[in-house]
Amino acid sequence: TDLHPLDILSEVLPAGRLARGMRVFQVQGVHGFQLAASPPRALGFPASRLFIHCDRFPEEFSIIVTLRVLSVPAKRNEYIFTLMAEESPSVLVGLRYAPDNLHFLFWTQEHTGGWQTRVTFPNVSLSDNQWHTLVLAVSGQSFSLTVDCSIPKDVVVETPFPASLSVKRASFYLGNRRRRKGAFTGLLRQLVLLPGADATPRICNAVNFKAATLSVPTVLQDLPAKPASNEVLKYPYETDTKVTLGSRPPCTKQEKAQFWFNASQRGLYLCNGSAWISMLEVKERLDYVEEYQNLVTNSETMGVEVFTIPKVGLFAATANRHTPPGSAIYKWTEGKFVPYQNIPTYQAQSWKYFTIGKKIFLAVANFEQNERGQEFSVIYKWSRRKEKFVTYQRITTHSARDWEAFVIEGEAFLAVVNHREGNNHNIDSVIYRWNPRTGLFETNQTIPTSGAYDWEFFTIGPYSFLAVANTFNGTSTRIYSHIYIWLSGSFQLFQSILTFGAADWEVFRIGDRVFLAVANSHSYDSGLPAPSNFYAINSSIYELNITAQMFVKFQDILTYSALDWEFFSMGDDSFLVVANSFDGFTFSVNSIIYRWQGYEGFVAAHHLPTVGCRDWEAFHTAEGSYLLYSSAKEPLSKVLKLKTT
């Protein structure tokens, strides 16, 4: 040998063609051979092809391997390569790996026979579906392994590598030891023998250590994305493609060249390493709205929460006024909501579904005292054994209107809106922090509020915000609602916005723009002349101004005692639906869907007849998209189906 790299991998390609069963795959932009489908002997060749002038294996050498290993079961070994004498089952030289271990094998020959030595490198983790480059340097009793140019692992053994190991009538085998058991199941890109030298300095000057190359077969070198004109690729190759279903997954370099199928929008997307690129998408457009289901409720419904319990199904929880019979949970069954569970509540105002780890919770905001004169709101926990919600924790509240659940820096919080205590509307609302040691929510911070109705949590970049809708201070609904920002372990005032009986905040995003909509319910001030109509007033949409670091008014929309906003999207279109509840004369008022029209802002698109509309929820199933509205004036809520073109 003349110290040139000996490309073992290229020798297994007869006349430049792939051996039987070999396939070329591209993963993470790198090409490699899959060998598992090839017969073991088809991946062999005589050692004399490499050792032309000498039939002795070098005494000092390096082996360079670039590979991508799949998960390997415990107690299983897979061979990267072997050198075996034709008349013997013994491995003269070999490299194999097991979970978290790499083994180098060699045969020592004496007059009376021989024995095999195994050099083990522990704590070598390769089974992570990533490309790795290994450099094994051998010299006498010293063995050194470098993985991805990290700190070498050095091992000294009693038996040195033989100074004169004959390779006469021996053959190399790629990915096996001449039989299928222990065959290599991953991808192999590079396998090079460099006699007489430590290859680490030559390998570790590359930019991408994990795919650094000394010698790679032509087949695996960068291939064109498509052949010129109508040529056929000389070496057809496959890519290790994964298609993800469900909600939008992350798109990073790790997911590059992977697909995501969005079932709800019937779209296929490709990850380019930073963003999902649409490859095929049916752009749905909202055409009209039709009545789909009349949902008979226990009594008038103050709020509704739609949620999905994984592997169980889609549910809707209604917050009902009267006790008994309390509130109800409905399950989506065969395309309809059907009664599933009744829960005792006391003039319930709203529900909030949230999870902490694998625990699933549902919190109710009770407005009145129970039969014993106690005023509690209750957190229920989903019992997987009973497949029901069971009482988990009671928390003292004061005419609670709303719960909001959120996570900041890995910690779970739950905030309650206290509306009033007796006739005093200026009281504290409370933020609770989850204590993982006790498994309970504990008071973390109190915030002064005035007849508050709603909390809305949202994040912008690294910052966390909590907006409160203040409704009435005892004399006026013309008061400030506040936005708080999380700083140094607590919420601090960020911005105050004048509102008129604010009942709801809704945050939403359109492209890179962030909006915050307030539902103003009525205008009343004991110190001012009465307006002609307390309830026909503007609700407002604010947009975050990055330069000013504050929300500025974007649009006013005339509403009629608005109690809720709900944002939803269909295809490329964005919508806001408002819950108009009372126009000063009747509770039978049209609630309106507004379509985003860019420069025009939100423009009325659909007028929906509602009675005392209190809350909207948008949801999607395999059958389509829906809106659910609750009525605070009759024991009947409605599911509406969004018909598309």
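The values are calculated or read from the model by the stated rules, or taken from the named source; none is laboratory data. It should be emphasised that the depicted structure is a prediction, and the values quoted were computed from it without experimental measurement. Note that each Cβ is placed from the backbone with ideal geometry, even for glycine, and that neighbours are counted across all protein chains shown. The protein model used for the area step is the full one, side chains on, heavy atoms only, and it has no ligands, DNA or RNA in it. Shrake-Rupley method; radii C 1.70, N 1.55, O 1.52, S 1.80 Å.
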Filter the GluC sites (Glu not before Pro) in the range 287-348 to those in DSSP coil with at most 10 other Cβ atoms within 10 Å of their Cβ, and list the result.
-> Glu334
Please provide three numbers in whole Å: the alpha-carbon extents of the range 6-220 along the principal axes, with the largest listed first.
-> 50, 38, 36
Honestly the range 328-454 on the Cα gyration tensor test (a ≥ b ≥ c root eigenvalues; a/c under 1.5 rounded, otherwise a/b vs b/c for prolate or oblate) is just oblate
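Using r as the Cβ-Cβ distance of Leu493 and Asn370, and R0 as 41 Å, what FRET efficiency do you calculate, to the nearest 0.05?
That pair, Leu493 with Asn370, gives E of 0.75.
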Among Thr397, Leu528, Leu362 - extreme Cα towards positive end, dipole of the chain, charges at beta-carbon | Leu362
Inter-label distance, nm, simple model (7 Å from Cα along the C-beta direction), Arg178/Asn424 = 9.2 nm
Exposure ranking of Arg478, Arg401, Arg420 by accessible area [1.4 Å probe, largest first] | Arg478, Arg420, Arg401
Accessible surface of Arg433 - all protein chains present, 1.4 Å probe, nearest 10 Å² | 60 Å²
Dimensions in Å of the range 286-644 - Rg and Dmax from alpha carbons | 19.5, 60
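Just in the range 407-466: which GluC sites (Glu not before Pro) are loop by DSSP and have at most 10 other Cβ atoms within 10 Å?
Values: sites: Glu409, Glu411, Glu421, Glu442, Glu456; in loops: Glu409.
Sites meeting the loop and neighbour criteria: Glu409.
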When the chain is reduced to its Cα atoms, the Kirkwood hydrodynamic radius in Å = 29.8 Å
Give the residue from Ile329, His425, Trp455 lying farthest towards the positive end of the charge dipole for the chain; charges sit on Cβ (+1 for Lys and Arg, -1 for Asp and Glu) and the dipole is referred to the Cα centre.
-> Ile329
Any chance you could list P(r) for the range 50-173, counting all Cα-Cα pairs in 5 angstrom bins from zero, rounded to whole %?
-> 2, 10, 20, 24, 20, 14, 8, 2, 0
Would you work out which of Leu174, Thr559, Ser591 lies farthest towards the positive end of the dipole of the chain, given +1 charges on the beta-carbon of Lys and Arg and -1 on that of Asp and Glu, about the Cα centre?
-> Leu174
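Taking the Cβ of Leu286 as the center, what net charge do the other residues with Cβ under 9 Å away carry, scoring Lys and Arg +1 and Asp and Glu -1?
0
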What would the Debye formula give as log10 I(q)/I(0) at q = 0.16, 0.20 Å⁻¹ for the alpha-carbon point model of the range 244-315, no solvent?
-> -0.80, -0.95
Under a point spin-label approximation (7 Å from Cα along Cα-to-Cβ), what is the Glu110-Glu86 distance to one decimal in nm?
-> 2.9 nm
Quick one: length gained pulling Tyr599 to Asp154 fully straight, 0.36 nm per residue minus the C-alpha distance?
-> 153.5 nm
For the Thr333, Glu442 Cβ pair and Förster radius 35 Å, calculated FRET efficiency rounded to 0.05 is 0.40
Which of the cysteines found in the chain have nothing to pair with, since no other Cys Cβ lies under 4.7 Å from theirs?
-> Cys54, Cys613
With +1 on each Lys and Arg Cβ and -1 on each Asp and Glu Cβ, and nothing else charged, work out how big the dipole of the chain is about its Cα centre, in Debye to the nearest 20.
-> 2420 debye
Of all chymotrypsin sites (Phe, Trp or Tyr not before Pro) in the range 505-605, which ones are in loop regions per DSSP and have a Cβ with at most 14 other Cβ atoms within 10 Å?
-> Phe585
Fully extended contour minus Cα-Cα distance, from Thr308 to Leu280, at 0.36 nm per residue = 7.3 nm
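Whole number in Å², please: accessible area per residue of the chain, 1.4 Å probe, ligands, DNA and RNA not counted.
Using a 1.4 Å probe on heavy atoms only, each residue of the chain averages 46 Å².
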Can you send over the carbon and sulfur percentage of the accessible area for the range 314-425, probe radius 1.4 Å, protein chains only?
-> 44 percent
The FRET efficiency for Ile510 and Asp100, from their Cβ-Cβ distance with R0 = 56 Å and rounded to 0.05, is 0.70
If one computes the Cα centroid of the range 456-489 and of the range 57-114, what distance in Å separates the two points?
-> 66 Å
Using only alpha carbons, build the gyration tensor for the range 562-645 and give me the equivalent ellipsoid semi-axes, biggest first, whole Å.
-> 22, 17, 9
Can you pull the percent of the range 553-645's accessible area that's carbon plus sulfur, 1.4 Å probe, other chains left in place?
-> 51 percent
Sort Ser481, Ser125 by accessible area with a 1.4 Å probe, largest first.
-> Ser125, Ser481
Pairs to check: Lys181/Lys253; Lys352/Lys638; Lys256/Lys381; Lys311/Lys336; Lys331/Lys381. Give those whose C-alpha atoms are more than 27 Å from each other in this structure.
-> Lys181/Lys253; Lys256/Lys381
